[in-house]
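Engineer: Let me begin by handing over the structure; questions about it come next.
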Amino acid sequence: MRRNQFHLRVNWGDTDKAGIVYYPNYFKWFDIAAHEFFRSIGLSPSTLSERDGVILPLLDVRCSFEKPLYYDDIITVMTEAAEVQPKTIKLTHQVFARGVRTGHGYELRGWVKEANGSIKAVEIPAAYRAVLEEDRPFPPLNADPWLCS
């Protein structure tokens, strides 16, 4: 299946009073990762919407937290199209910092068409399924992808 990864730095506003990342930020990062994933394979959500009338609403989400993240950590979010069903895509996400997985989860997104003020799940076209299902390995995980502190 297709894969993508991106990096970001934990901001002060992402943390709680103890300086640990506040848990809803994982869901924000998952959403960003999903959009980056679709852009990386040429299926930008804005382009899909404008060109095909397709939106990718979130249907289900889950996250498990394993290790804390802190202000100024550089994280890598690795995303994979784990399941492509006729009308849905399940993206799995893994979050790493300093080479250690800190959390993981998934998003289930619908392939939904907007028309005449209503929305309806439709089948993912074969050409798009082929792109989503193409096997591409993750690049090697670097403990400090930006080589900075």
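The values are calculated or read from the model by the stated rules, or taken from the named source; none is laboratory data. From a predicted model like this one, the values you see are computed outputs, not experimental measurements. Keep in mind that these areas ignore ligands, DNA and RNA; they rest on the heavy atoms of the full protein, side chains included. Shrake-Rupley method; radii C 1.70, N 1.55, O 1.52, S 1.80 Å.
Engineer: Can you compute the equivalent ellipsoid semi-axes for the stretch 60-140, i.e. the square root of 5 times each eigenvalue of the Cα gyration tensor, sorted largest first and rounded to whole Å?
Structural biologist: For the stretch 60-140, the ellipsoid semi-axes come out as 30, 16, 10 Å.
Engineer: Continuing with this model, one more query. What's the carbon and sulfur percent of the chain's accessible surface, probe 1.4 angstrom, rounded to a whole number?
Structural biologist: Values: 4270 of 8080 Å².
Reported share for carbon and sulfur atoms: 53 percent.
Engineer: Now a separate question. What number comes out for accessible area per residue over the chain if the probe is 1.4 Å? Units Å², please.
Structural biologist: Details: 8080 Å² over 149 residues.
Heavy-atom SASA per residue in the chain reads 54 Å².
Engineer: Where does the chain land at 222 nm, in deg cm²/dmol rounded to the nearest 500, when only DSSP H runs of n ≥ 4 count, each adding -39500 (n - 2.57), divided by all residues?
Structural biologist: Numbers: 2 runs with 25 residues, N = 149.
For the chain, the value works out to -5500 deg cm²/dmol.
Engineer: How high is the relative contact order of the stretch 16-149, given as a whole-number percent (alpha carbon pairs under 8 Å, six or more residues apart)?
Structural biologist: Numbers: 209 pairs, mean separation 31.9, N = 134.
RCO, the stretch 16-149: 24 percent.
Engineer: Same structure, new question: With a 1.4 Å probe and all protein chains kept in place, how much accessible area does Ser49 have, in Å² rounded to the nearest 10?
Structural biologist: About 50 Å², rounded to the nearest 10.
Engineer: Here's something else I'd like to know. Please determine, in degrees from 0 to 90 and to the nearest 10, the orientation of helix 24-40 with respect to the longest principal axis defined by the Cα atoms of the chain, where the helix direction is its Cα long axis.
Structural biologist: 50
Engineer: Heavy atoms of the protein only, probe of 1.4 Å, neighbouring chains included. What is the accessible area of Arg98 in Å², nearest 10?
Structural biologist: We get 130 Å² for Arg98.
Engineer: Further question on the same structure: For the stretch 88-131, evaluate the Debye formula with one uniform point scatterer on each Cα (no solvent term) and list log10 I(q)/I(0) at q = 0.14, 0.26, 0.30 Å⁻¹, rounded to two decimals.
Structural biologist: -0.53, -0.93, -1.03
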